[in-house]
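Worksheet: the structure to be examined is printed underneath.
The values are calculated or read from the model by the stated rules, or taken from the named source; none is laboratory data. It should be emphasised that the depicted structure is a prediction, and the values quoted were computed from it without experimental measurement. As a convention, Cβ positions derive from the backbone with ideal geometry for all residues, glycine included, and neighbour counts pool all protein chains shown. For the accessible areas, the whole protein counts, side chains as well, though only heavy atoms, and no ligand, DNA or RNA atoms are used. Shrake-Rupley method; radii C 1.70, N 1.55, O 1.52, S 1.80 Å.
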Amino acid sequence: MADVLIREAQVSDADVVSSLILETGQSFLPLLFGPYVKVILGRLIKTPGTVYSVDNIYVLEVEKGKVVGMIVAFAGNTIMKRAFKTGIALFRIMGFDLIRRLPSFRLVWMRNKISRDEFYISNIAVSREYRGMGYGKRLMEFAEELAKRNNFKKISLDVENTNKQAIDLYKKLGYIGKKVNRVTIRNQKFTFVRMEKALK
């Protein structure tokens, strides 16, 4: 495996990170955020205090600084602390389109409850051409170490039930499916599996 570095994301990483986040939900995220989803994600990444702010994101670099993977991970209480700031940022970016989409955002928020005492992986992605090289596993292990350093006993994530490759990886790493959340956005149905792992 080539030299690999996992580091905190910087504002200059926003474009590549937003593209990678979009890969984690190619059909779901555009329905939620609208056609300008990549621009919106990029702005959220650059805005301090939002759920998608750079201080919740880590990137994986190979080949002298090429970012090919990323993970968005944080303490469970971060969402509660940052929800208002994220909402304000979204309104500044999306304007009244956010009002139209509020029922969908609210539905996702209600279905995606995260407890304060768990460490949560919101998004993880590796560029298509770099998949199958163990980088996803490296990012997952990094998140687990981060959780342990911060004294969390449990780590969790949500994954679309159609993403069999990711589910297989999580199972190999010791994650167990705990519940299923179903969400319908603009007449399209999505099923997410909440997977958890106890940390020793």
Residue within region 108-130 that is β-branched (Val, Ile, Thr), over 15 Å from the mean Cα position of the chain (by Cα) and either assigned to a strand (DSSP E or B) or exposed (fewer than 14 other Cβ atoms within 10 Å of the Cβ) (or both) present: no
Qualifying positions in region 165-182 - over 17 Å from the mean Cα position of the chain (by Cα) and of a type outside the set (Asp, Glu): LYS171, LYS172, LEU173, GLY174, ILE176, GLY177, LYS178, LYS179, VAL180, ARG182
Selection within region 149-200 - open to solvent by less than 40 Å² (accessible area, probe 1.4 Å), in contact with a helix residue (DSSP H, G or I) (Cβ under 6 Å, 6 or more places away or on another chain) and assigned to a loop (DSSP other than H, G, I, E, B): LEU173, LEU199
All positions within region 37-76 that are in a strand (DSSP E or B), within 15 Å of the chain's Cα centre (by Cα) and not β-branched (Val, Ile, Thr): TYR58, LEU60, GLY69, MET70, ALA73, PHE74, ALA75
Residues (over 19 Å from LEU60 (Cβ atoms) and either of a type in the set (S, T, N, Q) or in contact with a Gly (Cβ under 9 Å, 6 or more places away or on another chain) (or both)) located in region 20-30: GLN26, SER27
